[in-house]
Amino acid sequence: MAARDPHRYINELDEAALQRLVVRLESRAMDAVFAALLDKYVARLKLRSSARLLEVGCGTGANLRKLARCGDFKGESVGVDQCQTIIDAAWSFAQTEGVGDRIMFQVGDAHHLDFPSGTFDAVIAHTLISHAADPALVIKEMARVVRPGGMVVVFDGDYSSLTFGYPDHDFGSRMDAALANATFNNPRIMRDLPRLLSDYGLELVAAWGDALTEIGNGSYFKSFAETYVPYVIKASLLPQSEVENWMNDQQKAMEDGKFFACCNYYTYMVRRQ
């Protein structure tokens, strides 16, 4: 069976799988190491108080809720995601945290955004582009809906760099690749972006990389493995017994303080010309 990125095909998942993704998105947002990567580019984005902000592929809205809770940004935020269940969760979390009146969530397709051209001052894609069916079309749409001079931010991982420590290096490498292929439609897309941006009138302003690493214990990568290893098994990318042995070893390594996992993440900040 071919691997199918669960985020790309999210509308085909059952309720239990959807709820696992909700838990994953929320736990990821609360992980201090990962959250710092959002803070890093938001600080450089320097949103004016009255700015209009769009997050494409907003998931459960964790990023927009964080922006609404802190800082000087008091503008209008809109989050778009393709899955009604995920959008319902985003509304619920926003209401619970008391910021529901400052954020609008709606179901939509990142490849065909339902907004007039030049609507927003800034547009963010935070770990969306790696899942998109057509990354170039998503970039084109983001460029269209941001105003001239406005900023587009694309943040995502280079998932071919994803690696977990494992004593059997050969199987470990195959498991790393299987996880990337089972989870991400475009695991290497961040390497391609510099060639795409100018095609859509976007000028690169800044770009940088961060290695997200956990050594000894795991939280971010623990949640990652627990969420996505079942998709490796479902797609029969590797023998189930060997995958289960790998997972058991990761859990024991965390308990013993011997865990290792790492992945490179990249941020592109670009301006519409």
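Coordinate-derived values only; no laboratory data. Source: prediction; values computed, not measured. Methodologically, a virtual Cβ is constructed for each residue, glycine included, from the backbone with ideal geometry; neighbour enumeration extends over all protein chains shown.
The table for this structure:
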{"item": "Set of aspartates and glutamates with alpha-carbon distance to LYS222 below 15 Å, sequence-local pairs under 8 removed", "result": "GLU26, ASP31, ASP176, GLU214, GLU244, ASP249, GLU255, ASP256"}
{"item": "Under 20 Å from the ARG4 label point (7 Å along Cα→beta-carbon), backbone N, segment 150-186", "result": "178-186"}
{"item": "Potential lengthening between ARG191 and MET104 on full extension [0.36 nm per residue; Cα-Cα distance subtracted]", "result": "28.1 nm"}
{"item": "Candidates VAL33, VAL145, VAL153: whichever shows maximal mean-square fluctuation once the chain is modelled as a Gaussian network with Cα springs under 10 Å", "result": "VAL33"}
{"item": "Net charge, CYS83 excluded, C-beta distance under 12 Å - Lys, Arg +1, Asp, Glu -1", "result": "-4"}
{"item": "The chain - mean residue ellipticity at 222 nm from DSSP helices (-39,500 (n - 2.57) per run, n ≥ 4, rounded to 500)", "result": "-13500 deg cm²/dmol"}
{"item": "With Cα atoms, 0 to 90° folded angle of helix 220-234 axis to the chain main axis", "result": "70"}
{"item": "The chain: angle of helix 135-145 to the longest principal axis, Cα-based, in degrees nearest 10", "result": "20"}
{"item": "Cβ-placed point charges (K, R +1; D, E -1), dipole of the chain about Cα centre in debye, nearest 20", "result": "980"}
{"item": "Distant alpha-carbon pairs in the chain (separation over 28 angstrom), percent", "result": "34"}
{"item": "13 Å beta-carbon shell around ASP168, net charge (K/R +1, D/E -1)", "result": "-3"}
{"item": "Under 11 Å, Cβ to Cβ, from ASP72 - net charge with Lys/Arg +1 and Asp/Glu -1", "result": "+3"}
{"item": "Distant-in-sequence amide H partners of ALA261 (H built 1.01 Å from N, under 5 Å)", "result": "GLY165, GLU214"}
{"item": "Label-point gap, in nm, between SER117 and ARG147 - each point 7 angstrom along Cα→Cβ", "result": "1.6"}
{"item": "Alpha-carbon centroid distance for the pair segment 186-221 / segment 246-263, whole angstrom", "result": "25"}
{"item": "GNM top mover of ALA253, ALA180, ALA62 - the chain, alpha-carbon springs below 10 Å", "result": "ALA253"}
{"item": "With Cα atoms, 0 to 90° folded angle of helix 240-255 axis to the chain main axis", "result": "80"}
{"item": "Candidates LEU67, LEU37, LEU13: whichever shows maximal mean-square fluctuation once the chain is modelled as a Gaussian network with Cα springs under 10 Å", "result": "LEU13"}
